[in-house]
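The values are calculated or read from the model by the stated rules, or taken from the named source; none is laboratory data. Note that the coordinates shown come from a computational prediction; the quantities given were computed from them, not determined experimentally. Positions of Cβ are backbone-derived with ideal geometry, glycine not excepted, and every protein chain shown enters the neighbour counts.
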Amino acid sequence: MNTKLIELGLLEIKERPSSKGGLKEFKSLTDKGLMFGKNLVSPRNQKETQPHYYPSKFSQLKALLQGEV
């Protein structure tokens, strides 16, 4: 599902520096994706976000993912 959301431009992969000197990836809704949800601060790391989808928009998002829109 995330791969399709990225292809549609609704979700993107962002990076942040890790504590061990590398990079950590996390997912974030794009401006276009914000019509379906919001980015919450991750409880695992305050420097990351995680997508939270609105239940009221789920049927629209599902139709988009299935190519019905």
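Has the stretch 3-23 got any residue that is part of a helix (DSSP H, G or I) and over 14 Å from the mean Cα position of the chain (by Cα)? No; the residues of the stretch 3-23 include none that is part of a helix (DSSP H, G or I) and over 14 Å from the mean Cα position of the chain (by Cα). Among the residues of the stretch 25-54, those identified as farther than 19 Å from THR3 by Cα and either under 8 Å from the mean Cα position of the chain (by Cα) or part of a strand (DSSP E or B) (or both) are LEU40, VAL41.
Flag: LYS32 does not match the condition of being surrounded by 11 or more Cβ atoms within 10 Å (Cβ to Cβ), of a type outside the set (A, V, I, L, M) and modelled with pLDDT under 95. Against the test of being among the acidic types (Asp, Glu), touching a strand residue (DSSP E or B) at 6+ places or on another chain (Cβ under 9 Å), free of Cβ contacts under 8 Å to residues at least 60 places away in the same chain and surrounded by 14 or more Cβ atoms within 10 Å (Cβ to Cβ), the options GLU15, GLU48, GLU25 yield a single qualifying residue, GLU48. Taken as a whole, the stretch 56-65 holds at least one residue that is touching a helix residue (DSSP H, G or I) at 6+ places or on another chain (Cβ under 8 Å) and without any contact (Cβ under 8 Å) to a residue 24 or more places away in the chain.
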